[in-house]
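Right, one structure below, let's go through it.
The values are calculated or read from the model by the stated rules, or taken from the named source; none is laboratory data. The structure presented is a predicted model; accordingly, all values stated were derived computationally and were not measured. Every residue, glycine as well, gets a Cβ built from its backbone with ideal geometry; the counts of neighbours run over all protein chains shown. Quick note on the areas: whole protein, heavy atoms, side chains included, nothing else; ligands and nucleic acids left out. Shrake-Rupley method; radii C 1.70, N 1.55, O 1.52, S 1.80 Å.
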Amino acid sequence: MAPAPSLAVDFCGLRLASPIVLLSGCVGFGEEYTRVEGFANTDVGAIVLKGTTREPRLGNPAHRVYETPMGMLNAIGLQNPGVDQVVDRILPTLDFTETRFFANVCGSTIDDYVEVTRRFDDSPIDAIEINISCPNIKEGGVQFGNYPDMSARVVEACRRVTKKPLITKLSPNQTDIRENARRCIEAGSDGLAVINTIMGMAIDVKTRRPVIGNIQGGLSGPAIKPIALLKVMQVAEVAGPHNVPIIGQGGICTAQDALEFIIAGATTVGVGTSLFYDPLACRKINVGIAEYLAVNGMASVGELVGSLDAPAKTIQACAC
């Protein structure tokens, strides 16, 4: 009898017990999710902590969250207690023997990104995700994430102050995500997270006012999955030759969703919005991935990564 397939993956030099990564902002600083009955951190390969800035932030005015068909808009505004509180008070409460923990670094200036990265470098955190693509704050994030030159400058500056693995979170709200990925890799990014949320809005027809206090927010959930899949495939074309792994994310709810992202080129898969209505989705996804690997005679997730059978040249224009 053949041994059961392994769900463990290698990501940026780290061994993860599962290809599932819990996405930033969806599980607080990790400790919140441990209170869900039936969940174990061992169900996931890594947890990305809530976005952290240099100074504390109160976040955006209400409303911050709005459910949409097959998705969710959010504009939390990076509410967090600041990096000193996170490093000094929150990290010591986490059990680093159960799973990996990645920091999520945010800022309004390059100096902000550098200082937050520097603080996390002197901590037990396993890796650092640079959030250059947050769509729900008025300064910083979007501008850095939508322009390859700016993205590369942030990554290069952060690279100088840490030896920990750097993961750059790419924005889908840009002209050419391949070019941005290439520039980030050249600047020193060890991994890429593809994609962040897509900018959107909702309107209350009774008041004729935006529902979200920030007017716009990030759209996540199943509605963005086809877009995210395409972006993962495009980025994989650039990242693959450099052996730079990808966290594929955007609407993953089931094992089939996860498998599609892995086939498209993702080494790991990010789960976020689906946790709001199925907190135990990770366990089901793990089971489904293992069953698929067994049926197809594969011993590990790595054998499936980037196995998409598609024409060599990616179609650039819309097929009308």
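Quick grid of which residues meet (1) under 25 Å from ILE47 (Cα atoms); (2) touching a residue at least 12 places away in the same chain (Cβ under 8 Å); (3) open to solvent by 20 Å² or more (accessible area, probe 1.4 Å):
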| position | (1), (2), (3) |
| --- | --- |
| GLY218 | yes, yes, no |
| VAL238 | no, yes, yes |
| THR273 | yes, yes, yes |
| GLU303 | yes, no, yes |
### Query
Which members of the range 87-103 meet the condition of being touching a residue at least 60 places away in the same chain (Cβ under 8 Å) and within 18 Å of the chain's Cα centre (by Cα)?
THR99, ARG100, PHE101, PHE102
### Task
Among residues belonging to the range 58-67 that are modelled with pLDDT under 95 and surrounded by 16 or more Cβ atoms within 10 Å (Cβ to Cβ), point out the one that is nearest to PHE11 (Cα to Cα).
GLY59
## Note on the structure
Among (1) touching a residue at least 12 places away in the same chain (Cβ under 8 Å); (2) surrounded by 17 or more Cβ atoms within 10 Å (Cβ to Cβ); (3) farther than 15 Å from ALA264 by Cα, HIS242 falls short only on (2)
### Message
Residues to consider are ALA228, ALA266; find the one that is assigned to a loop (DSSP other than H, G, I, E, B) and closer than 24 Å to CYS12 by Cβ.
### Response
ALA266
### Message
Let me spell it out: the conditions are (1) at pLDDT 95 or above; (2) within 19 Å of VAL269 (Cα to Cα); (3) open to solvent by 40 Å² or more (accessible area, probe 1.4 Å); (4) part of a loop (DSSP other than H, G, I, E, B), and SER18 meets all of them except one. Which number is the exception?
### Response
(3)
### Task
Only one of these is more than 19 Å from ILE132 (Cα to Cα), surrounded by fewer than 17 Cβ atoms within 10 Å (Cβ to Cβ) and over 20 Å from the mean Cα position of the chain (by Cα): ASP84, ASP10. Name it.
ASP84
### Query
Of (1) of a type in the set (A, V, I, L, M); (2) closer than 23 Å to GLY217 by Cβ; (3) without any contact (Cβ under 8 Å) to a residue 40 or more places away in the chain, LEU78 satisfies all except one. Which?
(3)
### Summary
Going through the range 210-224 in order, the residues found to be part of a strand (DSSP E or B) and within 19 Å of PRO172 (Cβ to Cβ) are GLY217, GLY218, LEU219, SER220
### Subset of the range 193-203 (residues that are open to solvent by less than 10 Å² (accessible area, probe 1.4 Å) and assigned to a strand (DSSP E or B))
ALA193, VAL194
### Message
Take the conditions more than 24 Å from ASN60 (Cα to Cα), open to solvent by 20 Å² or more (accessible area, probe 1.4 Å), modelled with pLDDT under 95 and out of contact with any Phe, Trp or Tyr (no Cβ under 8 Å at 6 or more places or on another chain) and apply them to ASP190. Does it pass?
### Response
no
### Query
Got at least one residue in the range 285-298 being out of contact with any Lys or Arg (no Cβ under 6 Å at 6 or more places or on another chain), hydroxyl-bearing (Ser, Thr, Tyr) and modelled with pLDDT of 95 or more?
yes
### Task
Quickly run through the range 24-51 and pick out the residues that are at pLDDT 85 or above and farther than 16 Å from LEU280 by Cβ.
SER24, GLY25, GLY28, PHE29, GLY45, ALA46, VAL48, LEU49, LYS50, GLY51
### Task
Go through (1) over 26 Å from GLY251 (Cβ atoms); (2) of a type in the set (Ser, Thr, Tyr); (3) open to solvent by less than 50 Å² (accessible area, probe 1.4 Å) one by one and return the number of the condition SER24 breaks.
(1)
### Task
Examine the range 106-113 for a residue that is over 26 Å from ARG183 (Cβ atoms), surrounded by fewer than 20 Cβ atoms within 10 Å (Cβ to Cβ) and in contact with a strand residue (DSSP E or B) (Cβ under 9 Å, 6 or more places away or on another chain), and state whether such a residue exists.
no
